Amino acid sequence: MEASPIHGLPQDTLHQIFSYLPLHQILICRSVCKFFYQTLMSPPFLHLLSLRPPLRLIALRPSSHHHHHHNRHLSSRPFLPVFDPDQNHWIRFPLDFLPFRSPVAVASTLGLLYLWADSPDSSKSLVLCNPLTRQFRVLPPLGSAWSRHGTVLVGTAGRVLVLTELAALYFSGSGSWFKFSSNLASKPRSPILVSDSVFALCDVGTPWRSQWKLFSCTLAELVKSQGWNRLERHEWGDVFDILKRPRLVRASGNRILMVGGLKSSFSLNASCSTILILRLDLDTLEWDEAGRMPPDMFRCFQESSKFKVFGGGDRVCFSGRRVGKLAISTRSNAVTDPWVAWVSTPHIPFDFDY
């Protein structure tokens, strides 16, 4: 390599050449030699990458079973599996630059990743990192109960909210967490953050029969313990009763998605005929159907005891226990929009959640 003509090229020219490569090929080139690594890790090249259109990647985290198995055998080389739907390619982001044990990804925003990690004193801390530049920052520690039961929501201006029956809010640069009661009747299900408002499903039914309702609260109201607003309209009818195990997903614009199994009847243990995606316009408070899973695809999920729903914008993703595949719904703005075919994962053990 010392005599290679590539060493004679100007650095700007090298940066332009490499910038045309897909991200997964750039990561591979980093491992070719020290010269390539230094070139592709230089601040000017990273800045050039930041000017490209944003990549909409899907990051997965190991389930608790796979997480323990993974740490027992590969603890010295942790990685983050990421899928690029546009390139139909898996990427492994090494996390070995983090000086922590058992990092688990829980949230992301604008190319930054939030992970729970074990601090040296065995407490849990949220770590903010950029897997591309391999830089990180540690937020003040929280107790282990927060990491086990809390949902991490990331807002603007460096605000981070961890929500369970309690809530913890962190402002960038504040140096500490502000903890308070979430003031909900039960633990919120699949909370999401839209602008400065939190939306969550809450079970207001009985121990024998669930009854899900939609609640919202601004961050300012949450901090002041002013309570949540129950969103409902007479025109909505039985929108919350037709779905089994509903989950919320943030959509594009001022909209949210509610996803769950479409019940075949209103009986207590009714089976599901497919998975339905409903969309709520927060400006008009009107629901419409954004998509449903094709029957032949849903048959694979019928064999799974539990499935995960995640995503955002115009993509909703589904993974199922023991299914071994990932299903993606794209451009959920019309009932007839296509679903992406099953994504095979021969090199990523699909005991992953999110």
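The values are calculated or read from the model by the stated rules, or taken from the named source; none is laboratory data. For clarity, every value in this text was computed on a predicted model and none was experimentally measured. Positions of Cβ are backbone-derived with ideal geometry, glycine not excepted, and every protein chain shown enters the neighbour counts.
Residue pairs whose Cβ atoms lie under 6 Å apart, separated by 6 or more positions or on different chains, with the first residue in region 129-148 and at pLDDT 85 or above and the second part of a strand (DSSP E or B) and polar (S, T, N, Q), are V138/S125.
One residue alone among K224, K306 is under 30 Å from A168 (Cα atoms), exposed (fewer than 15 other Cβ atoms within 10 Å of the Cβ) and free of Cβ contacts under 8 Å to residues at least 12 places away in the same chain, and that residue is K224. Considering region 188-256, the qualifying strands (runs of 3 or more DSSP E), each wholly inside and each with 1 or more residues that are at pLDDT 90 or above and within 21 Å of the chain's Cα centre (by Cα), run over 189-194, 197-203, 212-218, 243-250. If the condition is being loosely packed, with under 14 Cβ neighbours inside 10 Å and farther than 30 Å from F45 by Cα, then region 124-164 contributes P140, G143, S144, A145, R148, H149. Of the strands (runs of 3 or more DSSP E) lying entirely inside region 261-354, those containing at least 1 residues that are at pLDDT below 80 and in the same structural domain as R250 (by TED's automatic domain parsing) span 307-312, 315-320, 325-330, 339-344.
Okay, residues lined up against (1) surrounded by 18 or more Cβ atoms within 10 Å (Cβ to Cβ); (2) farther than 22 Å from I256 by Cα; (3) of a type in the set (S, T, Y):
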position	(1), (2), (3)
L166	no, yes, no
G173	no, yes, no
R189	no, no, no
L193	yes, no, no
V204	no, no, no
L214	yes, no, no
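Per-residue answers, yes or no, for (1) farther than 16 Å from E221 by Cα; (2) in a strand (DSSP E or B); (3) in the same structural domain as L40 (by TED's automatic domain parsing):
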position	(1), (2), (3)
L126	yes, yes, no
A145	yes, no, no
T156	yes, no, no
S174	yes, no, no
F180	no, yes, no
